[in-house]
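The values are calculated or read from the model by the stated rules, or taken from the named source; none is laboratory data. This is a predicted model, so every value here is computed, not measured. Neighbour counts are summed over all protein chains in view; Cβ atoms, including those assigned to glycine, are modelled from backbone coordinates with ideal geometry. Surface areas here come from the heavy atoms of the whole protein model, side chains and all, with no ligands, DNA or RNA. Shrake-Rupley method; radii C 1.70, N 1.55, O 1.52, S 1.80 Å.
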Amino acid sequence: MPRFSANLGFLWTELPLPDAVRAAKTAGFDAVELHWPYETPAQDVKAALDETGLAVLGLNTRRGNVPKGENGLFALLGREEEAFAALTESITYAGVIGAGSIHVMAGNAHGNVAHDTFVRNLEVACALAEKHELTVLIEPLNAVDAPTYFLRDMAQAQRIVKEVNAPNLRLMFDCYHVGRTEGQVATTLERLMPIIGHIQFASVPNRGAPGQGDVDYEAIFKRIDALGWKRPLGAEYKPFGATEQSLKWMETYR
């Protein structure tokens, strides 16, 4: 039977982050995960986690200059100082709240220089994260939502994981992104399971709650169970209204 993590970058965004953690507990989630929690003091988040008993799975490095459209720093040549400042911030925050992984965001780039920059920066990031017993995650984003993002598909990400060859580097497998542009979600997930560190989901193509669209999540969740996955699956979907009104899927899939 699957367990679920509430992605608080999309769910209960109208609430202060500690209250969103409490809302996730009330709704029956087993864990939470974060996008960019840095405007909320880490001790406040920790207090809510301690109160609810929820685990926090991970968080993202900062994206850079968001008003200018930046979406990560680690594949951008010349931005290494900012990238590692962002990583240090994430490691520190993760240490306070007890998060187990950090999604290192590549950014908008392409070509061999970006590839070499990303690999080189990941090697350093993994070494730093390993000292804190943290997993580093990388995630391809679909070309419809993020047309200029460096990581475009799972095959590219798989090659980079192999090239970096760090024991704590894993894939963030988002069924939504894979389903949006690659398809064959179940087959791809099964093939990559040995290097997956976290699994997320949302309906395809509208990124709403599961139970609609092109991906049969009943079959996907059963397959994940059969493959022996034990960690909570990340509900990273847009509720399109009050989060509480979007949660009927939890009854179905549990």
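Let me check I have the definition right: for the chain, take the eigenvalues of the Cα gyration tensor, multiply each by 5, take square roots. What are those semi-axes in whole Å, largest first?
Details: eigenvalues 139, 99, 57 Å².
Ellipsoid semi-axes (Å, largest first): 26, 22, 17.
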Trypsin sites (Lys or Arg not before Pro) restricted to DSSP loop in the range 92-186 with at most 10 other C-beta within 10 Å:
LYS131
Taking the Cα centre of each part, how many Å lie between the range 109-179 and the range 1-78?
20 Å
Of all GluC sites (Glu not before Pro) in the range 118-178, which ones are in loop regions per DSSP and have a Cβ with at most 12 other Cβ atoms within 10 Å?
GLU133
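Treat the range 159-217 as a sphere of radius equal to its Kirkwood radius over Cα pairs and apply Stokes-Einstein at 4 °C in a medium of 1.567 mPa s; give the translational diffusion coefficient in µm²/s, rounded to a whole number.
Values: Rh = 12.2 Å.
So the translational diffusion coefficient is about 107 µm²/s.
Ranked highest first by the average count of other Cβ atoms within 10 Å around their residues, in what order do 229-238, 39-48 fall? Present the calculation step by step, with values, prior to reporting the outcome.
Working: 229-238: 20.6, 39-48: 15.8.
Going by the mean number of other Cβ atoms within 10 Å, highest first, we get 229-238, 39-48.
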List the lysines whose Cα sits under 18 Å from the Cα of LYS230, skipping any in the same chain fewer than 8 residues away.
LYS222
Largest-first ranking of GLU89, GLU33, GLU251 by accessible area, probe 1.4 Å, whole protein assembly kept, is GLU251, GLU89, GLU33
Scoring the chain by relative contact order with C-alpha pairs under 8 Å, at least six apart, yields a percentage of 19 percent
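Roughly what percent of Cα-Cα pairs across the range 1-97 reach past 20 Å?
Details: 1855 of 4656 pairs.
Here the long-distance tail beyond 20 Å is 40 percent of all Cα pairs in the range 1-97.
Percent of Cα-Cα pairs more than 14 Å apart in the range 116-172, please.
Details: 847 of 1596 pairs.
Of all Cα-Cα distances in the range 116-172, 53 percent exceed 14 Å.
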With viscosity set to 1.002 mPa s at 20 °C, what whole-number translational diffusion coefficient in µm²/s follows for the range 90-142 from Stokes-Einstein and a Kirkwood radius over Cα pairs?
178 µm²/s
Helix check for the chain. Which DSSP H runs span at least 18 Å along their own axis by Cα, with a mean Kyte-Doolittle hydropathy no less than -1.0?
80-97, 112-130
